[in-house]
């Protein structure tokens with residue numbers, strides 16, 4: 001099993017798939033129906049170029065499953081089928097612990113250090 005790198009974006013995606021931070025209801029249960037790409041992008045605020053590589057890494061690690069919407073649902077709404085993503089049973093078991101560990105390991109200062117070009121080795125006036 002590939003290790004899952006718990007970047008802040010990966011944590012955001014996992015929380016969305018687990019139902020954390022849902023505005024309607026605070027849940028810690030797995031969203032059984034899953035979420036489709038555009039909905040995940042809206043919930044996480046991540047662009048597709050960031051979101052889908054994370055989903056693919058989580059899928060390869062066995063933490064996320066993907067599946068297509070049933071044809072009759074999409075046809076009934078007059079649109080193409082959507083691809084949904086949901087936490088797998090393996091991910092449901094591992095993700096909460098991984099998120100807790102990542103949160104505990106996060107810096108408590110509130111701001112990450114960011115390199116600021118122009119300030120290293122000299123003064124800016």
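No lab work stands behind these numbers, since they all come straight from the coordinates. Quick caveat, the model's predicted, so the values are computed rather than measured. Counting neighbours? That spans all protein chains shown, and the Cβs are built from the backbone with ideal geometry, glycine included.
A few remarks follow.
- Semi-axis lengths, Å, region 8-103, gyration tensor of Cα atoms, sqrt of 5 times eigenvalues: 23, 14, 13
- Annotation: the residues 89, 41, sorted from fewest to most other C-beta atoms within 10 Å of their own C-beta, follow the order 89, 41.
- Projected label points at residue 103 and residue 83, each 7 Å from Cα along the beta carbon direction, are separated by 3.0 nanometres.
- Sorted by Cβ neighbour density within 10 Å, fewest at the top, the residues 67, 36, 85: 67, 36, 85
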